[in-house]
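A short worksheet on the structure shown next.
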Amino acid sequence: MIDHITIAVSDLEKSKAFYESALEPLGYRRAFGKEGVFWAFDVGGSLFEIQRTDDQPPLTRLHVAFRVRDRAEVAAFYQAALQAGARDNGAPGPRPEYAGNYYACFVLDPNGYNIEAMINEPQA
């Protein structure tokens with residue numbers, strides 16, 4: 001399942017207003033974010049995120065994160081992607097800067113897009 005997709009936008013506030021209006025009839029709402037940095041919209045179990053591009057361009061203009069079942073699947077995805085020609089962009093490991101229980105890996109696909117496999121593990 002896709003956990004989240006992030007796109008780069010040139011005007012964060014204009015895009016925020018646009019997506020708030022456009023997604024409202026579908027029952028989707030802004031879930032969280034950080035003023036001036038990014039906004040996340042809950043789109044029925046997955047997140048659609050917008051990220052600013054002005055003074056600090058994003059790594060890539062598109063980011064997709066696949067939600068997996070466990071750390072073994074994170075590692076398996078990472079190895080398979082590298083063998084298929086991806087470039088390393090972050091080996092499997094904890095990502096406490098995202099959440100205390102977030103575990104993920106990142107690769108750059110053949111087009112240079114940032115692709116992630118992740119799990120938000122249950123708290124012990």
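The values are calculated or read from the model by the stated rules, or taken from the named source; none is laboratory data. All values reported here derive from a predicted model rather than from experimental measurement. We place every Cβ from the backbone using ideal geometry, glycine too, and count neighbours over all the protein chains shown.
Figures for the structure shown
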quantity	calculated
The stretch 84-123, residues that are at pLDDT below 95, of a type in the set (D, E) and over 25 Å from I50 (Cβ atoms)	E121
Residues satisfying the stated conditions in the stretch 2-14, i.e. out of contact with any helix residue (DSSP H, G or I) (no Cβ under 6 Å at 6 or more places or on another chain) and within 25 Å of A104 (Cβ to Cβ)	I2, D3, H4, I5, T6, I7, A8, L12
Condition check for A81: closer than 20 Å to E49 by Cα, touching a strand residue (DSSP E or B) at 6+ places or on another chain (Cβ under 9 Å), buried (at least 19 other Cβ atoms within 10 Å of the Cβ) and at pLDDT 95 or above	no
In the stretch 94-107, residue surrounded by the most Cβ atoms within 10 Å (Cβ to Cβ) [restricted to those that are among the aliphatic types (A, V, I, L, M) and assigned to a strand (DSSP E or B)]	A104
Condition check for L23: of a type in the set (A, V, I, L, M), at pLDDT below 90 and surrounded by 14 or more Cβ atoms within 10 Å (Cβ to Cβ)	no
Criterion violated by A91 - all others in (1) in contact with a Cys (Cβ under 9 Å, 6 or more places away or on another chain); (2) without any contact (Cβ under 8 Å) to a residue 24 or more places away in the chain; (3) assigned to a helix (DSSP H, G or I) satisfied	(3)
Residue satisfying all of: in the stretch 61-78; closer than 30 Å to K16 by Cα and surrounded by fewer than 18 Cβ atoms within 10 Å (Cβ to Cβ); modelled with the lowest pLDDT among these	R61
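A quick yes/no check of all residues on (1) under 17 Å from the mean Cα position of the chain (by Cα); (2) closer than 20 Å to A104 by Cα:
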site	(1), (2)
L26	no, no
F32	yes, no
A40	yes, yes
R61	yes, yes
F66	yes, yes
A84	no, yes
